[in-house]
Each structure stands twice: as structure tokens, then as C-alpha cells.
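Working notes, beginning with the structure itself.
Every read-out reported here was derived from the displayed coordinates using simple, explicitly stated rules and does not represent laboratory data. Because the structure is a prediction, the values reported are computed rather than measured. For neighbour counting, all protein chains shown are included, and Cβ atoms are generated from backbone atoms with ideal geometry for every residue, glycine included.
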Amino acid sequence: QVQPVESGGGLVQAGGSLRLSCTASGRTFSWNPMGWFRQAPGKEREFVAAITWSGGRILYADSVKGRFTISRDNAKNTVFLQMNNLKPEDTAVYYCAATTRVITTRIHEYDYWGQGTQVTVSS
């Protein structure tokens, strides 16, 4: 089954950092724009960041600009999300996704989704 696989989540204190990774299982996503999304308890899933296959274009949600950095290593078929200065409101399940379309912030335009990794930020 074609599916991205996330890792790197955990529990961290406010102000701390985590680095999430996303690798592909079953196929390469080296040519696809990739995105990170998150879903907090009781809330809808929301866009966090996205990157084109070349890394030439990157999009961020306003809530994470200046704190989160998305990057990718196509040779390793891996996408990263470096999260710095974490806040309790960043607590959520973080999902990696791939789209067969152009880079986008729209959830419904992503075709392949991982199972998610939990990020918990304590105050």
C-alpha cells in the first residue's frame, strides 16, 4: 500500500523543538509536492506547511511562520518538519501527505496520507 510514514513526534516543553520525518512506503514521492497538516482534539485538520519537489516553493500557515521549517531530501525520499519554539497550541496529531497536483494548502487536494504522529507540548 502506498503511504507516507511519519515519525519523530513526542512530548516536549513549551519553547522546545522537535523534528518530524516522513518517508514513503511503497513508492517514491520525490516528484510530488508534500505537505504537513495537523489536527488537534475537537478541531478540524489544518494546513501547516508544504514544499514542491525541488524545494523551490514553500508555503506555511501564518501560525507557524518563523518557527517551523519544512525541507526534503529526495535521495532519501524523506520530508522533514523542524519545529522550534513550540507552544501548547501546537499540540496535535501531525500528518504528512503527498499530492499529485501542484503545491497547495487545500487538504482535499492531497492524495496520499500517513497515519500521523502525536506532538504534545506542555506548558
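Assorted remarks:
- Rg ratio (alpha-carbon, reference 2.2 N^0.38 Å) - the stretch 8-106: 1.03
- Around residue 12: net Lys/Arg minus Asp/Glu count, Cβ-Cβ under 15 Å: +2
- Placing pseudo-labels 7 Å out from each Cα toward the beta carbon at residue 30 and residue 102 gives an inter-label distance of 2.5 nm.
- Only Cα pairs under 8 Å and 6+ residues apart enter the sum, and on that basis the relative contact order of the stretch 17-81 stands at 36 percent.
- Neighbours of residue 32, meaning other residues whose beta-carbon lies under 11 angstrom from its beta-carbon, give a summed charge of +2 when Lys and Arg score +1 and Asp and Glu score -1.
- Listed by chain and number, the lysines placed with their C-alpha closer than 17 angstrom to that of residue 65 are 87; residues fewer than eight positions away on the same chain are left out.
- For the chain, relative contact order (Cα pairs under 8 Å, six or more residues apart, normalised by length) works out to 36 percent.
- Given charges at beta-carbon only (K, R positive; D, E negative), |dipole| of the chain in Debye: 200 debye
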